Amino acid sequence: MEPIIKIENLSKSYHQGESELRVLKNISLEVMNGDYLAILGPSGSGKSTLMNVIGCMDRFQEGEYCLTGCAVGQLNDAQLTRLRNEKIGFIFQKYHLIQKYSVLLNTMMPLLIRGIPRKHAEELSMEKLNMLGMNDRVGHKPNELSGGQQQRAAIARALVGTPELLLADEPTGALDRATGQEVLKLFGELNSMGNTIVMITHDLSVAQHAKRIVHIIDGELYEDGQEEQAGEKELPDKALVQKGESDENQEIPLEKPSMPGRRYTAHGRHFVARAGQFRAGVGSKDTGQSHAAGEHKLHQ
Ligand code: ADP
Ligand code: MG
């Protein structure tokens, strides 16, 4: 089966005058149909940059990215816009609803952009809004709704065009804890219904709702192994990324891995940085050291 996302050795740099800042470094990632992946990393690690690349909102210099088999790097701007509209449903931290439009019209927007007739767009939108328990709020403007309701409206908008990928950037970041939990429960249900989800977060407790976690550190990806999925309960409270409401609050002392082959340790597991592939292991057999909860450091 063709992966939904296939990224191979992708790198992206920002240029400022003479200097070059390499923000994504030789990233490889596959996401299959039905996956629920969290990309977890501290502030400044490259999460938003990667989200913009995955979401076809930004370009990259090196490597390959295929979205549902379509080579993104070769598309022009109009083709990218179309691919984005058809393949991806976006969910943002701050909802990104258009304030002057009703919930219904906001939800219809991806379909109207696609050229679907208004009446049909309205029917499809009402279907999603009903499913999300928003049917009695469809005429309201976003500023008349709670944060949780606004995020539900945004999720209805993300789902309405039946995209192949739901791409969420800190989807609970602006919500109180209880409402955030409701949104995460909803994500679990949407995934059970067959939706593929990629969620970007700095919060380990949010990431743990996903079926699979990939760490991003200083622009490099480190993937947890199957041990991670089997042993979710082993994860200590204090871990690589601490809990917090806002990305800006995160200040994580971290030595940064840069060389393939170096080992990085976080919450009792170590990750081996390799060009183009990632391995994870549990325990400390080969170093003889015990990895304390929350410890994260590099082994030379
Ligand atoms: P995160 O979302 O994980 O906080 P970002 O992807 O926003 O991280 O940023 C990663 C790095 O890239 C940071 O060092 C940031 O300063 C830099 N960066 C992000 N956007 C730009 C840009 N448009 N121009 C130059 N540097 C940028
Ligand atoms: Mg960010």
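State yes or no: is Met1 of a type outside the set (Ser, Thr, Tyr), within 16 Å of ligand 2 (Cβ to nearest atom) and at pLDDT below 95? Considered against the rule, which asks whether it is of a type outside the set (Ser, Thr, Tyr), within 16 Å of ligand 2 (Cβ to nearest atom) and at pLDDT below 95, Met1 comes out as no.
Residues are listed down the side, and each one gets a yes or a no for (1) touching a Pro at 6+ places or on another chain (Cβ under 8 Å); (2) modelled with pLDDT of 95 or more; (3) among the charged types (D, E, K, R):
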{"residue": "Asp35", "(1), (2), (3)": "no, yes, yes"}
{"residue": "Gly46", "(1), (2), (3)": "no, yes, no"}
{"residue": "Cys66", "(1), (2), (3)": "yes, yes, no"}
{"residue": "Val103", "(1), (2), (3)": "yes, yes, no"}
{"residue": "Glu123", "(1), (2), (3)": "no, yes, yes"}
{"residue": "Asn135", "(1), (2), (3)": "no, no, no"}
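The single residue among Lys100, Lys94 that is without any contact (Cβ under 8 Å) to a residue 60 or more places away in the chain and more than 12 Å from ligand 1 (Cβ to nearest atom) turns out to be Lys100.
Only strands (runs of 3 or more DSSP E) whose full extent lies in the range 142-226 are considered here, and the ones with at least 3 residues that are in contact (Cβ under 8 Å) with a residue 40 or more places away in the chain and closer than 28 Å to Met109 by Cα are 165-169, 197-201. When residues in the range 12-53 are screened for being within 12 Å of ligand 1 (Cβ to nearest atom), outside any strand (DSSP E or B) and in contact (Cβ under 8 Å) with a residue 12 or more places away in the chain, 11 of them pass.
Pairs are defined by a Cβ separation below 6 Å, a sequence spacing of at least 6 or placement on different chains, a first member in the range 67-82 that is closer than 14 Å to Ile54 by Cα and free of Cβ contacts under 8 Å to residues at least 24 places away in the same chain, and a second member that is surrounded by 16 or more Cβ atoms within 10 Å (Cβ to Cβ) and among the aromatic types (Phe, Trp, Tyr); the pairs so defined are Val72/Tyr65. So which residues in the range 85-117 are part of a helix (DSSP H, G or I) and within 18 Å of Pro171 (Cβ to Cβ)? Selection gives Val103, Asn106, Thr107, Pro110. Scanning the range 193-211 for residues that are more than 13 Å from ligand 1 (Cβ to nearest atom) and surrounded by 18 or more Cβ atoms within 10 Å (Cβ to Cβ) yields a count of 11.
Among the residues of the range 165-192, those that are within 19 Å of Ile4 (Cβ to Cβ) and surrounded by 18 or more Cβ atoms within 10 Å (Cβ to Cβ) comprise Leu165, Leu166, Leu167, Ala168, Asp169, Pro171, Phe187, Leu190, Asn191.
Would you confirm, using the coordinates I've provided, whether Thr68 is more than 16 Å from ligand 2 (Cβ to nearest atom), of a type outside the set (A, V, I, L, M) and within 30 Å of Gly180 (Cβ to Cβ)? Answer is yes for this residue.
Okay, residues lined up against (1) crowded, with 21+ Cβ neighbours inside 10 Å; (2) in contact with a helix residue (DSSP H, G or I) (Cβ under 7 Å, 6 or more places away or on another chain):
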{"residue": "Lys6", "(1), (2)": "no, no"}
{"residue": "Ser11", "(1), (2)": "no, no"}
{"residue": "His15", "(1), (2)": "no, no"}
{"residue": "Ser28", "(1), (2)": "no, no"}
{"residue": "Ile39", "(1), (2)": "yes, yes"}
{"residue": "Phe60", "(1), (2)": "yes, yes"}
{"residue": "Thr68", "(1), (2)": "no, yes"}
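Only one entry in Leu29, Leu97, Leu80 is of a type outside the set (S, T, N, Q) and touching a strand residue (DSSP E or B) at 6+ places or on another chain (Cβ under 9 Å), namely Leu29. Candidates are the residues of the range 54-84 that are in a helix (DSSP H, G or I) and farther than 18 Å from Ile113 by Cβ; the one that is farthest from ligand 1 (Cβ to nearest atom) is Gln74.
The values are calculated or read from the model by the stated rules, or taken from the named source; none is laboratory data. What you see is a predicted model; the values in this text were computed from it and never measured. So basically every Cβ, Gly included, is an ideal-geometry build from the backbone, and we count neighbours across all protein chains shown.
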